[in-house]
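What follows draws every value from the coordinates through simple rules; no lab data is involved. Note that the structure is predicted; figures quoted are calculated from it, not measured. Backbone-built Cβ (ideal geometry, glycine too); neighbour counts: all protein chains shown.
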Amino acid sequence: MQAFKTYFLAEVIRPYRLLLDGAQKADFKPAVFLQGRIARKQFWIYAVFFLLFSTVLGLLSTVGGIIGAFFIVLLSAYSLFTLLGSASVVVRRLHDTNRTGWWLFLILLPFLGLVALAVLCSLPPTQGPNSFDTAN
């Protein structure tokens, strides 16, 4: 439970709180920053947790009645709040393979787009600097 709480505060709540507080651009890098790179391991940890949590909420929403409606609202809110962070993680993973973030729009193609995007995100990173490295 502590791991979930830590993840939820760091990856879901923090970026939006910082956005509302008017924090500096550098503070957004962990979750909603579209520049730089992210390693395969970090990407898949995020993806598996997101899919697992969404699946659990989806299954609980099929209960019916007021409880099912509550979980539908919770799933919708979770999806909405993680939309920017999820897109940022995918874009930075694509950057790690030396591809532009525009490849994210593959998701708009039914089924094949999702498979193609998963394959692109599974490719090994480029060795050394690439065109998407940020200047420090």
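Percent of Cα-Cα pairs more than 18 Å apart in the range 51-136, please.
Values: 2083 of 3655 pairs.
Summing the P(r) of the range 51-136 above 18 Å gives 57 percent of all pairs.
Taking the mean number of other Cβ atoms within 10 Å as a proxy for protection, how do you rank 117-123, 84-90 from highest to lowest?
Working: 117-123: 14.9, 84-90: 19.9.
Per-residue Cβ counts within 10 Å, averaged per peptide and sorted highest first, yield 84-90, 117-123.
Ranking request for peptides 44-54, 59-69: highest mean number of other beta-carbon atoms within 10 Å first, then the rest in descending order.
On the way: 44-54: 14.4, 59-69: 11.3.
Packing proxy ranking, top to bottom: 44-54, 59-69.
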